[in-house]
Amino acid sequence: MNDPSLINSPLTLLVTQSAEEQKQLDLVFMQRAFALAQQAEQHDEIPVGAVVVHQGKIIAEGFNQSIMLHDPSSHAEMNAIRQAGKLLNNYRLLDCTLYVTLEPCPMCAGLLVHSRIKRLVYACHDFKTGSAGSAFNLMNTAQLNHQVEVHSGVMQAQCSELLSAFFKRRRKEKKQAKKAAKAATVTGKCD
C-alpha cells in the first residue's frame, strides 16, 4: 500500500494525528500509574501501579498491596480492574484500556482476557513472568476467545529504574538483617 497519493490525504492525516494524540494520552495515563507505583513503594510493596481508562477518563486505579493485605492476588492490575468492574457495574471491561508500569504476570493476563479489556499499555518488560509477550503471550493466543491489543515502552526507563532501585534496596536490607542475625547468634553463644 505504497500509493503516494495517500500520503497527504485527509484520512492519512487523521490517522497520523490520532496516533500522535494517543501517544500523548498514553503518556499522561502512564504518569498516573507511575505515581501509584511510587505509592506502593512507600508501603514497602513492589512498586507497580495501574489505571483503567474508559472513554478517555481514569475510572479505576490500583497499586500492589499483596504484602499489606496478605493477599497474593492483590496486584495493581487486579485492584484496578476490580474497581472498574464495580464502577461500570459489569464484569466485562469492553472499550477499556489498562495502563500498568510492569508487564502483567500470568494471573493478571488471564484477568485481562476474561474481563475483555480492549487494550493494554505497559511500561517495562518482565522477562521472568511477563505474559504479554516477554516470557509468555497470553494476550494474543489463538486458543483463547479474546485477544488484547498490546503496547509497551511508555515511560520504560523511569519504571525500570523504580523497580531496580526497590529490589536493590530490598537485597541490601536482607543482607543486613542476615548479618545482624548472625552477629546476634554469635553474641548469644558467648554469654
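So, restricting to strands (runs of 3 or more DSSP E) that lie completely within the stretch 89-191, which ones have at least 2 residues that are touching an Asp or Glu at 6+ places or on another chain (Cβ under 6 Å)?
96-102, 119-124
Go through the stretch 116-173 residue by residue and tally those that are of a type in the set (S, T, Y) and crowded, with 16+ Cβ neighbours inside 10 Å.
Residues flagged as of a type in the set (S, T, Y) and crowded, with 16+ Cβ neighbours inside 10 Å within the stretch 116-173 amount to 5.
Would you mind stating whether A109 is within 19 Å of V150 (Cα to Cα), under 11 Å from the mean Cα position of the chain (by Cα) and in contact (Cβ under 8 Å) with a residue 60 or more places away in the chain?
Spelling it out, it is not the case that A109 is within 19 Å of V150 (Cα to Cα), under 11 Å from the mean Cα position of the chain (by Cα) and in contact (Cβ under 8 Å) with a residue 60 or more places away in the chain.
Among the residues of the stretch 18-45, what is the count of those that are within 11 Å of T101 (Cα to Cα) and buried (at least 19 other Cβ atoms within 10 Å of the Cβ)?
Quick first cut of the stretch 18-45, residues within 11 Å of T101 (Cα to Cα) only: 29-38.
Imposing the further condition that a residue be buried (at least 19 other Cβ atoms within 10 Å of the Cβ) reduces the set to 29-30, 33-34, 36-37.
Looking only at that region, the number is 6.
Yes/no per residue for (1) more than 30 Å from Q24 (Cβ to Cβ); (2) among the small types (G, A, S); (3) modelled with pLDDT under 95:
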{"site": "V100", "(1), (2), (3)": "no, no, no"}
{"site": "C105", "(1), (2), (3)": "no, no, no"}
{"site": "K118", "(1), (2), (3)": "no, no, no"}
{"site": "D126", "(1), (2), (3)": "no, no, no"}
{"site": "Q143", "(1), (2), (3)": "yes, no, yes"}
{"site": "Q147", "(1), (2), (3)": "no, no, no"}
{"site": "E161", "(1), (2), (3)": "no, no, no"}
{"site": "A184", "(1), (2), (3)": "yes, yes, yes"}
{"site": "D191", "(1), (2), (3)": "yes, no, yes"}
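Just name the residue that is farthest from the chain's Cα centre (by Cα) out of those in the stretch 97-106 that are within 16 Å of N79 (Cβ to Cβ) and surrounded by 24 or more Cβ atoms within 10 Å (Cβ to Cβ).
By that ranking, first place goes to L98.
Consider the stretch 152-184. How many of its residues are among the hydroxyl-bearing types (S, T, Y) and closer than 17 Å to E41 by Cβ?
2
Taking the stretch 63-94, which residues are surrounded by 13 or more Cβ atoms within 10 Å (Cβ to Cβ) and of a type in the set (D, E, K, R)?
If the condition is that a residue be surrounded by 13 or more Cβ atoms within 10 Å (Cβ to Cβ) and of a type in the set (D, E, K, R), then E77, R82, R92 are the ones that fit.
Quick one: is L93 touching a helix residue (DSSP H, G or I) at 6+ places or on another chain (Cβ under 8 Å), over 16 Å from I46 (Cα atoms) and not polar (S, T, N, Q)?
Numbers: touching a helix residue (DSSP H, G or I) at 6+ places or on another chain (Cβ under 8 Å): yes; over 16 Å from I46 (Cα atoms): yes; not polar (S, T, N, Q): yes.
Against the criterion (touching a helix residue (DSSP H, G or I) at 6+ places or on another chain (Cβ under 8 Å), over 16 Å from I46 (Cα atoms) and not polar (S, T, N, Q)), L93 qualifies.
Looking only at the stretch 48-86, filter to residues that are assigned to a helix (DSSP H, G or I) and among the charged types (D, E, K, R); which one of those is nearest to F166 (Cα to Cα)?
We begin by selecting, within the stretch 48-86, every residue assigned to a helix (DSSP H, G or I); these are 66-69, 76-86.
Next, from what is left, pick out any that are among the charged types (D, E, K, R): 77, 82, 86.
Numbers: E77: 19, R82: 26, K86: 32 Å.
It comes out as E77.
Just to be sure I understand the filter: pairs with C-beta atoms under 6 Å, separated by 6 or more residues or on different chains, first member in the stretch 114-129 and touching a residue at least 12 places away in the same chain (Cβ under 8 Å), second member hydrophobic (A, V, I, L, M, F, W, C) and surrounded by fewer than 17 Cβ atoms within 10 Å (Cβ to Cβ). Which pairs pass?
R116/L94; T129/A135
The values are calculated or read from the model by the stated rules, or taken from the named source; none is laboratory data. Please read all numbers here as calculations on a predicted model, not as lab measurements. Positions of Cβ are backbone-derived with ideal geometry, glycine not excepted, and every protein chain shown enters the neighbour counts.
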